[in-house]
Amino acid sequence: MEQIIEKLKQTARDSWKGETGEERAKHLESFLRTKLKNYSEKTGLSELEILKGWEEQRTYSAINFYQESNQPEIKADKVIIAESSEDFFKKFPSRKWICPNCKGISKDPFLCDSGIKLKLINGSNKKEICNWSAGGLFGTFGEGVHVFLKDKMKLVGIFKPIELIRKINERGTGK
Ligand SMILES: [Zn+2]
């Protein structure tokens with residue numbers, strides 16, 4: 001692992017002359033160590049396994065790839081580990097997801113398509129069809145699930161599968 005980190009630091013040094021390059025290398029190293037520790041703790045995978053996975057995914061410069069937007073901190077206590085998205089969908093075959101906003105059932109785990117009308121945040125006072133996005137500013141209000149895809153070494157936040165909800169009432173909603 002140290003070899004990989006050292007190699008990445010060298011590419012950062014090479015990206016800019018003198019002190020700036022050295023600063024970039026230091027910054028990259030501290031970013032990597034913080035993220036690897038966090039990801040390893042939350043997923044149970046080794047830091048080396050995660051770093052190798054990231055490096056396999058990376059198609060552009062390390063400085064641009066290793067960024068908060070690509071490797072956000074995993075804050076969730078519970079993370080579902082899946083080999084791939086196919087593996088994840090096998091675990092939750094209903095492919096029905098509870099939208100945290102309208103509480104309806106969405107067939108899309110990222111973007112609500114329940115068709116339920118309600119007053120939208122920042123919308124007009126009229127009722128509009130829910131278009132909640134798990135990737136939006138408010139995410140899933142902590143009501144979604146976090147899935148770690150090992151083939152991409154990436155965390156995704158999605159709506160909660162109905163399989164994880166014990167009681168579904170007659171309206172077919174999660175509440
Ligand atoms: Zn919705």
Legend entry - Conditions (1) surrounded by 12 or more Cβ atoms within 10 Å (Cβ to Cβ); (2) in contact (Cβ under 8 Å) with a residue 60 or more places away in the chain; (3) under 29 Å from LEU36 (Cβ atoms): number failed by GLN71: (2)
Legend entry - Restricting segment 75-101 to residues that are modelled with pLDDT of 95 or more and under 15 Å from SER133 (Cβ atoms), the residue that is surrounded by the fewest Cβ atoms within 10 Å (Cβ to Cβ): ILE98
Inset, instruction - Give the number of residues within segment 141-157 that are touching a Phe, Trp or Tyr at 6+ places or on another chain (Cβ under 6 Å) and within 16 Å of the ligand (Cβ to nearest atom). - result: 1
Inset, instruction - Could you pull out the residue among LEU45, LEU51 that is surrounded by 14 or more Cβ atoms within 10 Å (Cβ to Cβ) and free of Cβ contacts under 8 Å to residues at least 60 places away in the same chain? - result: LEU51
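The values are calculated or read from the model by the stated rules, or taken from the named source; none is laboratory data. The structure presented is a predicted model; accordingly, all values stated were derived computationally and were not measured. Reconstructed Cβ throughout: ideal geometry from the backbone, glycine too, with neighbour counts over all protein chains shown.
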